[in-house]
Amino acid sequence: MSDPVKHECAVSMLRLRRGIDYYIRKYGSPFYGCQHLALLLEKQHNRGQDGAGIACVRLNPEPGEPCYALEKSNRNMPLADLLERIGRTMPPPGETPTAEEALRTCPFCGELYLGHLRYGTFGRQGLDACHPFVRANSCLNRTLLLAGNFNLTDTREIFARLLATGHHPASRADGYLILQLIGHCLEKALDEKQHNFDLAEVLRHACGEFDGAFTLCGLLGDGTSFAIRDAAGIRPGYYYFDDEVAVVSSERPAIQAAFDCTTAEVCELPPGEAMVIDRDGKVEFRPCLPPKPLRRCVFERIYFSRPNDAEIHRERRALGRKLVPAVLKEVDGDFANTLFSYIPNTAQVSFHGLLDTLNRIACDAGHTVRFGQIAVKDAKFRTFIADAASRREFYMHIYDVTYGLVRPGSDTLVALDDSIVRGNTLKNAILPIFDRLDPKKIVIASAAPPIRYPDCYGIDMASLKELVAFEAAVDLLRERGRFGLLERCYENAKRELEGPAEAMTNCVRPVYDEFSDAELSAAIARRLRPDNMRAEFAVVFQSCADLAECCPEHTGDWYFTGNYPTPGGFRVVNRALVNYMEHIDARAY
């Protein structure tokens with residue numbers, strides 16, 4: 001994705017199912033758990049660059065000693081900073097303490113671990129915004145550590161629920177509210193049933209009415225742990241366990257890399273169920289949340305998760321293949337005068353699928369496909385000039401180009417991107433440097449459909465004015481004298497916002513229903529076209545039907561279709577429209 005969209009976080013939980021002595025004998029280290037949690041997080045570092053946190057809970061802590069250790073970082077390269085600081089608490093390389101020594105002297109030697117990588121979409125950026133969150137208590141089974149990948153649309157209702165139970169919430173942030181609500185339900189269950197409480201029942205009471213997306217992992221101070229995923233399966237979650245470990249993580253390949261297991265051995269965390277690991281290490285799955293139709297986030301497959309997952313790799317290649325007919329139509333089937341490329345880095349696998357199909361078609365017709373990497377991203381580029389105009393000139397150079405591949409004046413340059421959200425980077429950086437190569441025409445092909453609607457489940461797309469597809473649709477309404485339709489949609493949205501979320505409809509959808517996909521694509525191209533661009537320019541998008549065919553198990557496509565998986569989504573899209581029309585620069589939830 002050329003636009004720097006912030007998105008979903010990563011969470012990992014690890015439970016050692018043997019004593020520390022076992023890992024010293026077999027693996028030569030009492031820090032097996034900490035080392036493997038670090039590997040789980042390292043393999044998901046793309047999911048969080050704004051903060052990191054690791055917690056360790058040990059079984060049977062000595063009275064007078066804390067039951068957990070916790071470190072967080074929001075510095076530059078937070079995970080590296082965090083692991084370096086934790087490493088300084090361990091013995092020098094070559095020294096292997098006994099289990100008793102390690103537990104006594106090293107705070108991050110224990111049996112339970114919880115780690116998190118934060119990609120801040122908005123709001124606070126301090127250490128207090130980094131997970132894991134802690135609700136401490138002098139009773140071990142009332143001490144709760146929580147981390148997750150989540151975003152809720154009903155934080156006002158949760159806030160009110162806490163007020164009604166006599167609490168005085170100190171924050172309105174969803175992470176804080178989730179922690180306090182689960183903690184409240186936990187304490188209530190303990191007060192009623194003492195040590196015989198049912199943790200799955202606690203989670204059912206706390207999370208049963210959440211509106212939004214979440215994969216939550218938690219540790220209790222007594223050594224009990226849990227993971228729970230929203231019933232629609234919007235946020236990802238995977239687990240693996242054997243006789244040595246039980247582990248939960250946001251991505252399957254991270255578990256495979258850390259524990260050398262096969263794809264088939266790593267299972268999807270069942271949506272709506274709680275995975276509970278008792279203090280003896282027994283793993284149990286319990287139905288927990290009211291069932292909902294599965295709506296797994298399709299952006300995971302297009303962009304977020306790394307493509308070394310076997311299924312995601314196949315799906316991204318399929319997305320590239322599906323674009324071939326539209327791309328060939330745009331270049332008039334002229335292989336001799338077309339150069340095919342992609343915008344690094346997440347579009348690379350889709351490009352391979354595009355290239356495979358192009359090669360078969362070209363070979364059958366006696367042609368050769370010309371391809372190469374035109375755009376090269378300078379990951380270490382830093383802008384140091386304060387003047388805005390000069391900064392825009394430097395911004396172009398975040399990307400560089402490979403010279404000599406495009407034949408000036410005669411070639412069409414086709415570049416594949418995985419999706420287009422705002423289009424700022426395309427317009428201000430990529431297209432200007434492509435145009436310097438003097439192609440006859442530039443075609444940007446998107447592996448995803450146009451992003452028409454805001455997101456409220458973890459991705460930083462909560463405002464309609466940030467979506468180039470919506471602004472292009474508004475352009476078309478103005479051009480055709482149909483702006484009154486947008487005003488009627490706005491009035492409908494205001495009325496619906498006065499009622500319950502369960503009764504709401506998507507008041508933005510009629511705007512898009514006015515135009516064909518081809519008309520919208522052409523309007524987006526006009527918006528993205530830089531001033532003084534010499535080449536012809538076109539944009540090609542994936543169709544929603546082809547996306548569904550490529551990713552059949554991931555039907556969470558509300559960004560493209562407006563079909564939200566929870567009532568809160570419809571409230572958010574209507575609020576976003578009201579904010580847009582009233583020029584309110586604020587979150588839609």
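The numbers here are math on the coordinates, done by the rules we state, and not lab data. This structure is a prediction, so every number in the text was calculated from the model and none was measured. We place every Cβ from the backbone using ideal geometry, glycine too, and count neighbours over all the protein chains shown.
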Notebook entry, point to check: Using a simple spin-label model with points 7 Å from Cα along the Cα→Cβ vector, what separation in nm is obtained for Ser171 and Thr105?
Noted result: 3.5
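Using 1/(1 + (r/R0)^6) with R0 = 41 angstrom and r between the beta carbons of Asp198 and Lys377, what's the FRET efficiency to the nearest 0.05? Can you show the working numbers first?
Working: r = 51 Å, r/R0 = 1.24.
Efficiency computed from Cβ-Cβ geometry: 0.20.
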Item checked: Highest average packing first - 146-155, 527-536, Cβ atoms within 10 Å -> 146-155, 527-536
Next item on the list: Just tell me which lysines come within less than 21 Å, Cα to Cα, of Lys494; anything on the same chain fewer than 8 places away is out.
Entry: Lys465
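Relative contact order, percent, of the chain when contacts are C-alpha pairs under 8 Å separated by at least 6 residues?
Details: 1220 pairs, mean separation 81.0, N = 589.
Once divided by the residue count of the chain, the mean separation gives 14 percent.
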Check: Asn308's amide H: which non-local residues (gap 5+, or another chain) put their own amide H closer than 5 Å, with H modeled 1.01 Å from N in plane and none for Pro or chain starts?
Finding: none
Notebook entry, point to check: What's the extension gain from Ala310 to Arg527 if we count 0.36 nm per residue and subtract their Cα-Cα distance?
Noted result: 74.5 nm
Check: Taking only Cα atoms, what is the 0 to 90° angle, nearest 10, from helix 32-42's long axis to the longest principal axis of the chain?
Finding: 20
Checklist line | Nearest-ten-degree value, helix 483-497 long axis tilted from longest Cα axis of the chain | finding: 10
Item checked: Amide H partners (placed H, <5 Å) of Gly233, local residues excluded -> Gly272, Arg295
Checklist line | Given charges at Cβ of Lys, Arg, Asp, Glu: the chain dipole, positive-most of Tyr119, Ala213, Ala522 | finding: Ala522
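Based only on other Cβ atoms within 10 Å, what is the fewest-to-most ordering of Ser138, Ser225?
Values: Ser138 7, Ser225 27.
The fewest-first ordering by Cβ neighbours comes to Ser138, Ser225.
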Check: Under a Cβ-Cβ cut-off of 14 Å, what is the net charge of the residues other than His205 that fall near it, where Lys and Arg count +1 and Asp and Glu count -1?
Finding: -1
Item checked: Where Rh is the Kirkwood radius over Cα pairs, Rg/Rh for region 10-294 -> 0.94
Next item on the list: At most 15 other Cβ atoms within 10 Å and a DSSP loop assignment: could you name the GluC sites (Glu not before Pro) in region 161-215 that fit?
Entry: Glu209
Checklist line | Those GluC sites (Glu not before Pro) in region 76-157 that DSSP places in a loop and that have at most 15 other beta carbons within 10 Å | finding: Glu95
Note to self: Run the numbers for Asn424 and Tyr403: contour at 0.36 nm per residue of separation, minus the present Cα-Cα distance, in nm.
What the structure shows: 5.2 nm
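Please report the antiparallel percentage of the DSSP beta bridges confined to the chain, to the nearest 5. Write out the running numbers ahead of the final one.
On the way: 59 of 79 bridges.
Restricted to the chain, the bridges split so that about 75 percent are antiparallel.
Where does each of 66-78, 436-448 land if you order them by average Cβ count within 10 Å, highest first?
Highest to lowest by the protection proxy: 436-448, 66-78.
How big is the charge dipole of region 194-273 about its Cα centre, in debye rounded to the nearest 20, if each Lys and Arg gets +1 on its Cβ and each Asp and Glu gets -1 on its Cβ?
Numbers: 4 positive and 14 negative charges, 51 e Å.
Using Cβ point charges on Lys, Arg, Asp and Glu, region 194-273 gives about 240 debye.
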Margin query: Spelling out what I want: for every residue of region 142-154, take phi, set θ = phi - 60°, compute 6.51 cos²θ - 1.76 cosθ + 1.60 (Karplus), and round to whole Hz; glycine and proline get x.
Written below: 10, 8, 10, 10, 9, 9, x, 10, 7, 7, 10, 9, 10
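Given the rule -39500 (n - 2.57) for each run of at least 4 DSSP H residues, summed and divided by the residues of the chain, what is its mean residue ellipticity at 222 nm, to the nearest 500 deg cm²/dmol? Walk me through the numbers before you get to the answer.
On the way: 20 runs with 203 residues, N = 589.
Computed ellipticity for the chain at 222 nm equals -10000 deg cm²/dmol.
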Notebook entry, point to check: For Lys441, which lysines qualify as cross-link partners when the Cα separation must be under 24 Å and same-chain residues fewer than eight apart are set aside?
Noted result: Lys322, Lys329, Lys377, Lys427
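In µm²/s, what is D for the chain at 10 °C and 1.306 mPa s, where D = kT/(6 pi eta Rh) by Stokes-Einstein and Rh is the Kirkwood radius from Cα pairs? Walk me through the numbers on the way to the answer.
On the way: Rh = 25.7 Å.
Reported coefficient: 62 µm²/s.
Please sort by residue number the GluC sites (Glu not before Pro) in region 437-499 whose DSSP state is loop and whose Cβ has at most 10 other Cβ atoms within 10 Å. If you can, show how the numbers build up before the last one.
Details: sites: Glu466, Glu471, Glu479, Glu487, Glu491, Glu496, Glu498; in loops: Glu498.
Hits after loop and neighbour filter: Glu498.
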Next item on the list: Quote the relative contact order of region 10-294 in percent (integer), defining contacts as alpha-carbon pairs under 8 Å separated by 6+ residues.
Entry: 21
Note to self: Charges on Cβ only, +1 for Lys and Arg, -1 for Asp and Glu, centred on the Cα centroid of the chain; of Val539, Ala462, Ala227, which one is farthest towards the dipole's positive end?
What the structure shows: Val539
Next item on the list: Would you be so kind as to identify which of Ala274, Gly333, Gly404 lies farthest towards the positive end of the dipole of the chain, taking Lys and Arg as +1 and Asp and Glu as -1 on Cβ and the Cα centre as origin?
Entry: Gly404
Item checked: Residues with amide H under 5 Å from that of Val401, placed H, sequence gap 5 or more -> Val376
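Tally Lys/Arg at +1 and Asp/Glu at -1 over every other residue whose Cβ is under 11 Å from the Cβ of Gly233; what's the total? Before the final figure, lay out the partial values.
Working: positive: Arg229, Arg235, Lys292, Arg295, Arg296; negative: Asp230, Glu268, Glu273, Glu300, Glu553.
Taking every Cβ under 11 Å from that of Gly233, the sum is 0.
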Margin query: Just to confirm the number: angle between the C-alpha axis of helix 468-479 and the first principal axis of the chain, 0 to 90 degrees, nearest 10?
Written below: 40
Item checked: Two-site FRET efficiency, Ala80 against Asn60, from Cβ-Cβ distance with R₀ of 41 Å, rounded to 0.05 -> 0.80
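Take every Cα pair under 8 Å in region 421-505 that's 6+ residues apart, average their separations, divide by the length, and report that relative contact order as a whole percent. The partial results should precede the final answer.
On the way: 42 pairs, mean separation 17.9, N = 85.
Once divided by the residue count of region 421-505, the mean separation gives 21 percent.
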Margin query: Rounded to the nearest 20 debye, what is the charge dipole size of the chain about its Cα centre when +1 sits on each Lys and Arg Cβ and -1 on each Asp and Glu Cβ?
Written below: 880
